[in-house]
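Report on the following structure.
The values are calculated or read from the model by the stated rules, or taken from the named source; none is laboratory data. Every value quoted in this text rests on a predicted model; they were computed, and no experiment measured them. Heads up, the Cβs are rebuilt from the backbone with ideal geometry, glycines too, and the neighbour counts pull from every protein chain shown.
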Amino acid sequence: MAITADLVKELRERSGAGMMECKKALTEADGDMDKAITILRERGIAKAASKSSRETKEGLIGTYVHPGDKLAVMIEVQCETDFVARTDDFKDLVKHLAMHVAAANPVVVRREELSEDQMTKERDIYRHQTLNEGKPEKIVDKIVEGRMEKWYSEVALMEQAYVRDPEVTIQDLIKNTIAKIGENIVVRRFARYRLGE
């Protein structure tokens with residue numbers, strides 16, 4: 001299939017990738033737009049992984065106040081340079097992350113930040129639930145671990161499904177932005193305030 005300029009332009013608008021990257025992906029995908037997007041995402045995530053060890057000292061503190069002024073979020077998101085921190089792509093990411101925190105109410109940024117006590121308590125609850133459901137003892141541990149993974153995806157920001165696109169996790173959203181802007185991005189911390197809590 002011939003790769004037209006309009007097709008390249010459409011992929012560029014949908015993905016944010018460069019013109020040459022879009023043309024290569026479309027050629028590889030034989031003109032299939034969805035396949036080309038998948039190819040770009042895979043390449044971007046591979047590039048993003050290679051940037052994950054780079055130091056982040058710049059960034060922004062983003063805020064979101066929900067209409068009615070009873071719920072607010074502050075989030076610190078870091079990048080490598082002040083130049084990137086001032087770009088629209090980075091500002092949009094920070095804004096969307098703050099809105100996500102308001103909607104999804106994560107407890108921590110990463111699962112590693114959960115205390116041993118919190119994890120033990122949840123594991124014990126799931127063990128009792130599973131045994132009370134009459135599941136055979138030999139599969140209880142496997143069921144408990146599955147429930148723990150689901151719990152992590154509810155309480156750890158990086159593992160949550162993005163509220164605006166549940167097919168994508170917050171980790172994936174950040175990796176896609178890293179691939180687009182070419183710098184490492186790290187969510188350092190957030191605070192969520194609800195009136196009366």
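Taking region 72-89 as the search range and keeping residues that are modelled with pLDDT of 95 or more and not charged (D, E, K, R), which one is farthest from Lys57 (Cα to Cα)? Among residues in region 72-89 that are modelled with pLDDT of 95 or more and not charged (D, E, K, R), the one farthest from Lys57 (Cα to Cα) is Ala72. Val144 falls short of the stated requirement of being crowded, with 17+ Cβ neighbours inside 10 Å and within 30 Å of Lys57 (Cβ to Cβ).
Sub-6 Å Cβ pairs linking a first residue in region 50-72 that is closer than 18 Å to Lys95 by Cα and assigned to a strand (DSSP E or B) to a second residue that is modelled with pLDDT of 95 or more and of a type in the set (D, E, K, R), at least 6 apart or interchain, are Ile61/Glu76; Gly62/Lys95, ordered by first then second residue. Against the numbered list (1) modelled with pLDDT of 90 or more; (2) not assigned by TED's automatic domain parsing to the domain that holds Thr169, Lys47 comes up short only at (1).
Output the residues belonging to region 111-136 that are more than 24 Å from Gln160 (Cβ to Cβ) and in a loop (DSSP other than H, G, I, E, B). Residues satisfying the conditions are Glu133, Gly134, Lys135, Pro136.
What residue, of Thr130, Thr120, is surrounded by 16 or more Cβ atoms within 10 Å (Cβ to Cβ) and without any contact (Cβ under 8 Å) to a residue 60 or more places away in the chain?
Just a single option satisfies the conditions, and that option is Thr130.
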